[in-house]
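Below: one structure, written as structure tokens.
The values are calculated or read from the model by the stated rules, or taken from the named source; none is laboratory data. Every value quoted in this text rests on a predicted model; they were computed, and no experiment measured them. FYI the Cβ positions are ideal-geometry reconstructions off the backbone, even for glycines, and counts take in every protein chain you see. To get the accessible areas, we keep the full protein, side chains included, count just its heavy atoms, and leave off ligands, DNA and RNA. Shrake-Rupley method; radii C 1.70, N 1.55, O 1.52, S 1.80 Å.
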Amino acid sequence: MSAEPIMEPVMQVDPIDLLSTIEEASPMPIRPEYVEGTVIVPPQPNYNHSNGAYKLSVQFTLAGFELAGMGMGFRAAHKDGSTMAAVIPDFYVLHREPTDLDNSYLKAHKGWYPIDMIALVGEVTSTNHAIDTGAKLATYAAAGIPAYVLINRHAKTAHCYTDPVLPGEDPTEAYYSSDTKVTLGDPLPLPAPYPALDTAPFA
């Protein structure tokens with residue numbers, strides 16, 4: 001006996017709504033993310049993670065990049081407008097201050113800014129280091145973010161990925177064609193006009 005195919009449209013839940021539901025249901029404050037079809041609840045950062053990420057962000061500010069920051073969430077969309085990812089980078093440098101249009105986007109998408117505001121994005125690995133070295137790397141490349149700084153505490157290396165490539169329609173296949181890599185503790189060269197980053201806080 002074979003079943004007849006279901007021809008009725010299936011209601012799809014926007015991942016943003018799912019993240020909001022999880023956040024509201026949690027007995028403790030959390031801010032889940034959504035990457036490659038998976039909801040991620042990042043582990044609580046330890047001192048080395050938080051202190052180091054803050055010090056990297058401050059380096060940008062001291063070098064004159066006043067739009068460097070931490071803590072905001074960003075949404076990437078597929079070509080059809082559906083949610084591809086919702087991420088909260090450890091630090092970033094923005095292209096621009098939020099415009100009225102960006103603030104309308106933030107309201108429409110329940111607390112997530114458009115990811116095209118980001119000029120440079122940075123992550124510091126936690127216990128789930130494979131997320132930052134794999135899924136998030138592909139997400140940032142698919143979104144066309146020009147530079148991705150990764151502090152890989154697991155491998156004890158720092159990377160600056162540049163030249164994002166999306167070879168087809170699948171965002172999970174995106175990558176960066178250039179990788180500048182140093183050992184943690186050494187200065188990490190970044191593309192102009194950014195300063196080289198002191199990675200000593202993670203050595």
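Can you pull out the residues in the stretch 112-141 that are assigned to a helix (DSSP H, G or I), within 16 Å of Val35 (Cβ to Cβ) and of a type in the set (A, V, I, L, M)?
Those that are assigned to a helix (DSSP H, G or I), within 16 Å of Val35 (Cβ to Cβ) and of a type in the set (A, V, I, L, M): Ile115, Ala130, Ile131, Ala135, Leu137, Ala138, Ala141.
Residue-wise test of (1) modelled with pLDDT of 95 or more; (2) open to solvent by less than 70 Å² (accessible area, probe 1.4 Å).
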position: Ser2; (1), (2): no, no
position: Glu8; (1), (2): no, no
position: Asp17; (1), (2): no, yes
position: Thr21; (1), (2): no, no
position: Glu36; (1), (2): no, no
position: Ser57; (1), (2): yes, yes
position: Phe74; (1), (2): yes, yes
position: Gly81; (1), (2): no, yes
Practice problem: Taking only the stretch 117-131 into account, find how many residues are crowded, with 18+ Cβ neighbours inside 10 Å and either touching a residue at least 60 places away in the same chain (Cβ under 8 Å) or farther than 17 Å from Tyr47 by Cα (or both). | Solution: 7
Quiz item: For the subset of the stretch 149-169 comprising residues that are of a type in the set (D, E, K, R) and either in contact with a helix residue (DSSP H, G or I) (Cβ under 7 Å, 6 or more places away or on another chain) or modelled with pLDDT of 95 or more (or both), which member is farthest from Ala76 (Cα to Cα)?
Solution: Lys156
Self-check item: Number of positions in the stretch 170-196 that are over 22 Å from Leu62 (Cα atoms), open to solvent by 50 Å² or more (accessible area, probe 1.4 Å) and touching a residue at least 24 places away in the same chain (Cβ under 8 Å)
Solution: 5
